[in-house]
Structure formats: C-alpha cells, structure tokens
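Read the figures in this text as sums done on the coordinates, not as results from a lab. Predicted model, so just to flag it, every value in this text is computed and none were measured. Glycine gets a Cβ as well: all are built from the backbone with ideal geometry, and neighbour counts include every protein chain shown.
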Amino acid sequence: MAIRAVRLPFDTAVPALSFSARLRRAALWGLLVSKLLGGWGVIPGRTGGVLHIFALLPAVVMAALDPRRRPRLATVGYAATLFVAVAAVLSARPAFAPLVPGPADTLAAFALTLVAAVIGATVARRLSDFVTLLSPSDHGDPA
C-alpha cells in the first residue's frame, strides 16, 4: 500500500522523452523505495552477520594446514571447505533451496572440485619453481 502511494506520482507523470530523464526517474524511484524500507527498519540488501564467518572458514582451514610446508594439502582443504561453506549458505536461502542438486550430483561436483584443486596446486608449484630458477640468486658473492 505504501509503495503504491509513493509510486503514484511517477505513474501519473508525463512519460519521459529522453534516456537521461528516464534514468533520473528510475534513480529517484530507487531512492524513495530505499528510504521507505529504511523507515520500516529494513536495510535493502544483506550485509554482515553469519555470512562473514562462512567467508573466513576456508582461509582458517588453509592456514591450519600450513600452506608453506604442504601447499597441495592446504589447497585441497581450502577448496573442500569453500565448497561446503557455499553449499551450506546457498541451500539455506529460500530462493536457492529448490535448486539444490541431489546427492550424486553434489558428490560429483565435490570430486571435480578436489581434482581441480590438486591440478591447480601442482601447476602453481611448478610455476613457482620455474620463477625461482629465473630469478637472480641472492646467495652468491656479495657485489
């Protein structure tokens, strides 16, 4: 009801003739809706909360697995934790819950994620070794 009352002047206004006028009208409409929602105590768009914890979980697991000593294991741990965290967050959302795949598809995607993590870690290690070979040595004679 309140949104209809706010939108009434826009619906009865003369149609805009130019793109810039339509853009200004759309921007004003968005501003009014956000102010209206803010008045109800609702913030448009979700920020913060538990979602930040889910974003930190893969990094915590990677740090716990010591990526300097065991880079492949740390990469696989990061990928597995990221997969589980994203699956948990998305499956809990009402918009995405009906789209959650079955167990067989999920296991196949998880296996592909782990394979991609191992391949990525291997390629990264080889690139790192290659770049180390190309860099000038700091252990030689002092200049």
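Computed quantities for the displayed model
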quantity	calculated
Residue-wise HN-Hα coupling along region 97-112, computed from phi with Karplus coefficients 6.51, -1.76, 1.60 (Hz; x: Gly, Pro)	4, x, 8, 5, x, x, x, 5, 5, 5, 5, 5, 5, 5, 5, 5
Under Karplus coefficients 6.51, -1.76 and 1.60, residue-wise ³J(HN,Hα) of region 72-85 in Hz, glycine/proline x	5, 5, 5, 5, 5, x, 4, 5, 5, 5, 5, 4, 5, 5
For T81, T106, T75, order by how many other beta-carbon atoms lie within 10 Å, fewest first	T106, T81, T75
